[in-house]
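One structure is given here, and the rest of the page talks about it.
What follows draws every value from the coordinates through simple rules; no lab data is involved. Fair warning: this is a prediction, and the values are worked out from it, not measured in the lab. FYI the Cβ positions are ideal-geometry reconstructions off the backbone, even for glycines, and counts take in every protein chain you see.
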Amino acid sequence: MTAQPKISFVSLGCPKALVDSERIITRLRAEGYELVKSHQGADAVIVNTCGFLDSAKAESLSAIGEALAENGKVIVTGCMGAEPEQIRDAFPNVLAITGPQAYESVMGAVHEAVPPAHDPFLDLVPPQGVKLTPRHYAYLKISEGCNNRCTFCIIPKLRGDLVSRPASDVLREAEKLVAAGVKELLVVSQDTSAYGVDIKYATSTWQDREVRARFLDLSRELGTLGAWVRLHYVYPYPHVDEVIGLMADGVVLPYLDIPFQHSSPKVLKAMRRPAATEKTAERIRKWRETCPDLAIRSTFIVGFPGETDEDFEELLDWLRETKLERVGCFKYEPVRGATANDLGLPAVPDEVKQSRWERFMATQQAISAKRLASRVGKRIKVIIDEPGPTVSKGRSQWDAPEIDGNVYVASRRPLRIGDIVSVKVERADAYDLHGVAV
Ligand code: SF4
């Protein structure tokens, strides 16, 4: 038997980049390549980069440098590949540079660097593809690119306009994942609520029915598969209200990941955010009326050019009013190539950004802690991520993997990864819950 060529793979960046990595790895395995953990033993290295923030670019460049030093044959793909000159300047010796979702080009570069073994073991690939994420949850990418033009963001420049997958395509992938043991589907895209706009909400056939490529229809169908369905990167467009009904009915998880970024209409306008004119505090109040169990996770930017003390105070008031469960906050970074740098708005000094960030975090921590404490004494469902001999680590339906908190579950009976168990919550700390399996 011919020895299989070996590839070492570095996957950096967000969940969307992880989905790209999974697709490339599936192709590699399909063609008989073997994946190895160390660069030294590999015939070539693929680095899937992230170029969202300058700090992510620095991390990507250092991963490329490391791969070159340890191996020498390096193929670069991902978001940073959309700006090849930066990589070429630093590392003229990389074999090839391709942009995000350029699966064909990545495979072309691999074939050139390390031709596939003569007899590809096509059956090496399990039918559901290869998952980099643990087997009990999986990211499901429903579209690529974005039609918005937020002024702080270069993703549309890197990834292009919105391209939605047909509903049947997404549902078939989801079905295979669930059949392979996935218990939680994490729906991702740059703008999940815009799903289908580019293909005019086209209908396609799945099982015996016609499904429209609409956010609501897709969510409803995903909810029939028997797995938890979690929606990420949703914007507060009016039609999102309909999905809250599905949450109240238990069809999808009562969890919304909405990157609000700010609350001041003036700042949102300068950011050119989608749905910037919606009265979001009022909408959130109504959502909570429809689905009292709803948890909202969001991210914000402080120190955007032109943000005044009044804008910032308005943001803090908005946080106190809306009482979001989980929140992340970034200090504005002038990403190279972002329109925000050319708006002519005054930059916020670093020390002001820092003090606003600290006040933001302190305000939100108190809110999140109160929200968590309100769960004490309740019975909740928990999915197990890491079983332990006496205490296992899991997540509630209000916690997404990697970004939210955990639930520590004491149990007499052994729990397995992916089990969904009932837990009585006994106490809460700043981020996590603790309880016993019942
Ligand atoms: S919605 Fe805005 S922040 Fe998100 S990817 Fe599109 S342009 Fe970037």
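Annotations
- Per-residue [θ]222 nm for the chain (sum of -39500 (n - 2.57) over DSSP H runs n ≥ 4, rounded to 500): -10000 deg cm²/dmol
- Overall, segment 170-234 carries a charge dipole of about 60 debye about its Cα centre when +1 sits on the Cβ of Lys and Arg and -1 on the Cβ of Asp and Glu, all other atoms neutral.
- The overall shape of segment 312-393 is prolate: from the C-alpha gyration tensor, with semi-axes ordered a ≥ b ≥ c, the ratio a/c is 1.5 or greater and a/b exceeds b/c.
- Local charge for residue 431 was computed over the other residues whose Cβ lies under 10 Å away, with Lys and Arg +1 and Asp and Glu -1, and equals -3.
- Over 27 Å apart at the Cα level, from the set 57/141; 57/266; 266/331; 141/378, are 57/266; 141/378.
- Prolate/oblate/rounded label for the chain (Cα gyration tensor, a/c 1.5): oblate
- Anchor residue 286: lysines whose Cα lies under 17 Å away (excluding residues fewer than 8 positions away in-chain): 323
- Shape category assigned to segment 166-231 from the gyration tensor of Cα positions, a/c cut at 1.5: oblate
- Counted charge near residue 103, where neighbours are those whose Cβ lies closer than 9 Å (Asp, Glu -1; Lys, Arg +1): 0
- If you run the Gaussian network model on the chain, springs between alpha carbon atoms under 10 Å, then out of 412, 272, 29 the most flexible one is 412.
- A dipole drawn for segment 133-244 from +1 and -1 charges on Cβ atoms has a positive end, and of 166, 155, 213 the residue lying farthest that way is 155.
- DSSP finds beta bridges in the chain, and of those with both partners inside it, around 40 percent are antiparallel.
- Separation of segment 135-188 from segment 408-436 is 30 Å, based on Cα centroids.
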